[in-house]
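Novice: Have a look at the structure that comes next, please.
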Amino acid sequence: MAVRDIIEVPDERLRVTYSHVENINAVQRLIEDMQDTLYATDNGIGLAAPQIGYKDAVIIIDISEQRDRPLIMVNPKIILTEGEINSEEGCLSVPDIYAQVKRYKKVRVKALDRDGKEIFIEDDGYLAIVMQHEIDHLHGKIFIDYLSSLKYQMAIKKLKKSRRLNK
């Protein structure tokens, strides 16, 4: 399969709204490429299809220590939320930027697995936060969008400076 380039802000392709996956077989190659791409990163724990230029509603999460237990979710939808929590977040599409984001403490997500079987995942820990983060990507939303306009501008300025230094 293939390791794809990860799209970074401010690329407008990150702002797309997902396309519902009708045929699970049509996204098998995309799932493989997403896994290859995620595991090629040093510390990535989640990836959504828009981050590699696809509109399909597919996300992959792997928070296992060995990074060998991918959770593949097709057409994920949050169907239950409870409470609030602040979480420190980063993103492969916003390298080296971390910020506090307000999320739901507990979520229940309905999705299809890689084989097209309906799954439900309920969590009130780290997985809940990561699922919300990745599902946001399917709606064209990035974690820095939750920041105040001042903090958002500071994050973008820091990102631009980091890019200049790394050239």
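The values are calculated or read from the model by the stated rules, or taken from the named source; none is laboratory data. In this text the structure is predicted, and so the values were computed from the model without any measurement. Neighbour counts run over all protein chains shown; Cβ positions are idealised from the backbone, glycine included. Surface areas here come from the heavy atoms of the whole protein model, side chains and all, with no ligands, DNA or RNA. Shrake-Rupley method; radii C 1.70, N 1.55, O 1.52, S 1.80 Å.
Novice: Any idea how many residues of region 48-72 are of a type outside the set (Val, Ile, Thr), outside any strand (DSSP E or B) and open to solvent by 40 Å² or more (accessible area, probe 1.4 Å)?
Specialist: The number of residues fulfilling the criteria is 9.
Novice: Can you tell me which of (1) out of contact with any Leu (no Cβ under 8 Å at 6 or more places or on another chain); (2) open to solvent by 50 Å² or more (accessible area, probe 1.4 Å); (3) part of a strand (DSSP E or B); (4) not aliphatic (A, V, I, L, M) is the one Glu122 doesn't meet?
Specialist: With respect to (1) out of contact with any Leu (no Cβ under 8 Å at 6 or more places or on another chain); (2) open to solvent by 50 Å² or more (accessible area, probe 1.4 Å); (3) part of a strand (DSSP E or B); (4) not aliphatic (A, V, I, L, M), Glu122 is out only on (1).
Novice: For Thr17, work out the one condition from (1) among the hydroxyl-bearing types (Ser, Thr, Tyr); (2) farther than 18 Å from Ile121 by Cβ; (3) open to solvent by less than 80 Å² (accessible area, probe 1.4 Å) it doesn't fulfil.
Specialist: (3)
Novice: Would you please name the residue that is farthest from Val58 (Cα to Cα), looking only at residues in region 102-119 that are in a strand (DSSP E or B) and open to solvent by 20 Å² or more (accessible area, probe 1.4 Å)?
Specialist: Among residues in region 102-119 that are in a strand (DSSP E or B) and open to solvent by 20 Å² or more (accessible area, probe 1.4 Å), the one farthest from Val58 (Cα to Cα) is Lys102.
Novice: Of the residues in region 134-161, how many are open to solvent by 20 Å² or more (accessible area, probe 1.4 Å) and under 12 Å from Pro76 (Cβ atoms)?
Specialist: Residues in region 134-161 being open to solvent by 20 Å² or more (accessible area, probe 1.4 Å) and under 12 Å from Pro76 (Cβ atoms): 2 in total.
Novice: When you scan region 33-46, do you find a residue that is in a strand (DSSP E or B) and open to solvent by less than 20 Å² (accessible area, probe 1.4 Å), even just one? Outline the logic, then answer.
Specialist: Going through region 33-46, the residues in a strand (DSSP E or B) turn out to be 46.
Narrowing the set further to residues that are open to solvent by less than 20 Å² (accessible area, probe 1.4 Å) leaves 46.
Looking for residues that are in a strand (DSSP E or B) and open to solvent by less than 20 Å² (accessible area, probe 1.4 Å), one finds at least one in region 33-46, hence yes.
Novice: So which residues in region 89-101 are of a type in the set (Gly, Ala, Ser) and surrounded by fewer than 16 Cβ atoms within 10 Å (Cβ to Cβ)?
Specialist: Of everything in region 89-101, nothing turns out to be of a type in the set (Gly, Ala, Ser) and surrounded by fewer than 16 Cβ atoms within 10 Å (Cβ to Cβ).
Novice: Now a separate question. Within the group Asn86, Asn75, which residue is surrounded by 19 or more Cβ atoms within 10 Å (Cβ to Cβ), assigned to a strand (DSSP E or B) and not hydrophobic (A, V, I, L, M, F, W, C)?
Specialist: Criteria check complete, one pass: Asn75.
Novice: Okay, moving on. Among the residues in region 145-154, are any at pLDDT 95 or above and closer than 30 Å to Ala26 by Cβ?
Specialist: yes
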